[in-house]
Amino acid sequence: MRYEEMTIEGRNAVLEAFRSGKTVDKLFLLDGCKDGPILSIVREAKKHGTLINYVRKERLDQLSETGKHQGVVAFLAAYHYAEVEDILNLAKEKGEPPFLFLLDNIEDPHNLGAIIRTANLAGAHGVIIPKRRAVGLTATVAKTSAGAINYTPVARVTNLAATIEELKKCGIWFVCADMDGEPMYRLNLTGPIGLVIGNEGEGVSRLVKEKCDFVASIPMKGEIDSLNASVAAGVLAYEIVRQRWNQGH
């Protein structure tokens, strides 16, 4: 499956995609176009929390496969998103303390796919990603996850910091990866936990980091100063696995 296969073009086709319950990740509309069908599409997009990008005709022509976009191109999610509640219920069904991955603006689909794969193998109950400034569940993500996307639920939220606040009420602790943190081996990472991994370039945003209970660093001995986001997720996840293992979870 290629990402292009997730593209829908034309007013009726895009409107029908929304009305049939398909998850539209991104919508590209011709800037300045405000006729009836376009306004209907905008209404549906806002109702479903879809990102709307107003662009010039040249950009739409680039995105279009058919050349008949009628001023609208939509990118569909390759897979359905779960709800945060589904992830918590999965932990409950398994009789395990929740173990979640929260990703702060991961933009590279290969990184997201690799992290979903790691989450599955580490026994995490699900992954939470933000709607804005982040890649969604594209076909590239699905392929890189090596099938894990079929088993590990991924929820998409409007505000990651607010989601962390809500989940704290369920007794979940949060640890984020940051070079300035406490070495991960010194932290108690057992119990219900959310692992927060930041953007490939900037790391975890200040607002999200402030919501975390712990800031963990990965001890590094080399000459370069940071790990790829998916590798950092794997290293920290398996320290959590090790500590849970020692506790019998």
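Quick look at the numbers
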read-out: Antiparallel bridges, percent of DSSP beta bridges restricted to the chain (to nearest 5); value: 25 percent
read-out: Reduced Cα scattering model of the range 5-102, Debye log10 I(q)/I(0), q = 0.14, 0.18, 0.19 Å⁻¹; value: -0.57, -0.78, -0.84
read-out: The chain: most fluctuating residue of Arg59, Arg11, Arg132 per GNM, C-alpha cutoff 10 Å; value: Arg59
read-out: Relative contact order of the range 47-127, defined on C-alpha pairs under 8 angstrom at six or more residues apart (%); value: 23 percent
read-out: The range 71-123-the range 141-182 distance, computed between alpha-carbon centres (Å); value: 7 Å
read-out: Residue among Leu236, Leu60, Leu103 with the largest mean-square fluctuation in a Gaussian network model of the chain, springs linking Cα atoms under 10 Å; value: Leu60
read-out: Two-decimal Rg/Rh across the range 124-249, once Rg and the Kirkwood Rh are taken from alpha-carbon atoms; value: 0.94
read-out: Accessible area in square angstrom per residue, the chain, 1.4 angstrom probe; value: 52 Å²
read-out: Simple Cβ-charge dipole of the chain, Lys/Arg +1 and Asp/Glu -1, about Cα centre, in debye nearest 20; value: 540 debye
read-out: Partner aspartates and glutamates for Lys209 [C-alpha distance under 20 Å; skip if fewer than 8 residues away on the same chain]; value: Asp104, Glu107, Glu165, Glu166, Asp178, Asp180, Glu182, Glu200, Asp225, Glu239
read-out: Most fluctuating residue given options Gly194, Gly71, Gly32, as computed from a GNM of the chain linking Cα atoms under 10 Å; value: Gly32
read-out: Environment charge at Lys209 (Cβ cut-off 9 Å; Lys +1, Arg +1, Asp -1, Glu -1); value: -1
read-out: Ratio Rg/Rh, restricted to the chain and using Cα atoms, in which Rh is the Kirkwood radius; value: 1.02
read-out: Accessible carbon and sulfur surface of the range 25-127 relative to its total accessible area, %, 1.4 Å; value: 48 percent
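The values are calculated or read from the model by the stated rules, or taken from the named source; none is laboratory data. On a predicted model such as this, the values are computed, not experimentally measured, just so you know. Virtual Cβ from ideal backbone geometry, glycine too; neighbours counted across all protein chains shown. Areas reflect the complete protein model, heavy atoms only, side chains present, ligands, DNA and RNA absent. Shrake-Rupley method; radii C 1.70, N 1.55, O 1.52, S 1.80 Å.
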